[in-house]
Structures are given as structure tokens and as C-alpha cells.
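The values are calculated or read from the model by the stated rules, or taken from the named source; none is laboratory data. Quick caveat: nothing in here was measured; it's all calculated off a predicted structure. Cβ placement follows ideal geometry from the backbone for every residue including glycine, while neighbour counts extend to all protein chains displayed.
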């Protein structure tokens, strides 16, 4: 009697499990492309915008929730007829120059552009200073090199 009830319930459990799994999968799935031209423009614009969560990925590459929201926002702007520059301008106005993967060179971003050069110069100066100080030390300030055992060949 219990076995027959289990046989009747088992398909219902499988169907419920599949429905729940498909609902979870569908909630994270991307929106199906309505228009190929819109999707191509979206991909181009999204490849120039930085994911604000991931920071090393564009919103085209990122799977974060914020990146998905930004893609949807850009898709909506493109569907309403906004140009690529207008989409970038909208995102910049809302999130600042940091959202651009290649921010413009202007006074507010000089430090951003100069940081790699400044860090490399600071590292080179530190290395030169360390080597110069080391060169001024007498030879007995260093431990002698360990003697290598002679190999018999």
C-alpha cells in the first residue's frame, strides 16, 4: 500500500523539482535578444563600461547582478534611440568616470592615469636607494657565502 502511494507521488515530486529548478535558472538567465542590431550595439557599448562590482571586467563580461542591471539599462536606452555616446554619457553622469573602462584624460582623472607611472618611479627610486646603501656597507657586514662541496667528477 505504501509502495503504491510512493509510485504515485514520485512523478509529482520530479515535476515539482524540475519546475523549481527551471524557475531558478530562468531568473538568472539573460533577456532573449529582441533585435540583433540592439544586441550588437549593446555588446559594443557594454565592452566599454566597467562593472562597478568586479572592477576588472566589463559589464559585457561580468555576471554580477549590477552588471546585468546596467546591461538592461543600456539596452533600454538603445531601444529608445539613444546613441552610443549618449549611453556612455548617461552612465558617466550616473556613476562617474570610473564606470568607463578607458576614462578620459581630464584634471579629475590625472591621478588615475599617472598612478602606474608614479608607482613604477617610486619602486625604481626605492630599489636604487637600497642598492646604494648596500654598496656603502663594508664587506664584513654581510654573511659569507656558504662553501659549496667540491664535486668529484
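Answer with yes or no whether residue 42 is modelled with pLDDT of 90 or more and either out of contact with any strand residue (DSSP E or B) (no Cβ under 7 Å at 6 or more places or on another chain) or outside the structural domain of residue 112 (by TED's automatic domain parsing) (or both). Yes. Is it true that residue 92 is under 24 Å from the mean Cα position of the chain (by Cα), surrounded by 13 or more Cβ atoms within 10 Å (Cβ to Cβ) and outside the structural domain of residue 51 (by TED's automatic domain parsing)? Taking the combined requirement at face value, the residue does not satisfy it. The residue of segment 95-108 that is farthest from the chain's Cα centre (by Cα), among those that are more than 30 Å from residue 39 (Cβ to Cβ) and in a helix (DSSP H, G or I), is 107.
Yes/no matrix, rows are residues, columns are (1) modelled with pLDDT under 90; (2) in a helix (DSSP H, G or I):
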{"residue": "55", "(1), (2)": "yes, no"}
{"residue": "78", "(1), (2)": "no, yes"}
{"residue": "93", "(1), (2)": "no, yes"}
{"residue": "110", "(1), (2)": "yes, yes"}
{"residue": "123", "(1), (2)": "no, yes"}
{"residue": "126", "(1), (2)": "no, yes"}
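Residues of segment 132-144 include at least one that is surrounded by 10 or more Cβ atoms within 10 Å (Cβ to Cβ) and either part of a helix (DSSP H, G or I) or touching a helix residue (DSSP H, G or I) at 6+ places or on another chain (Cβ under 8 Å) (or both).
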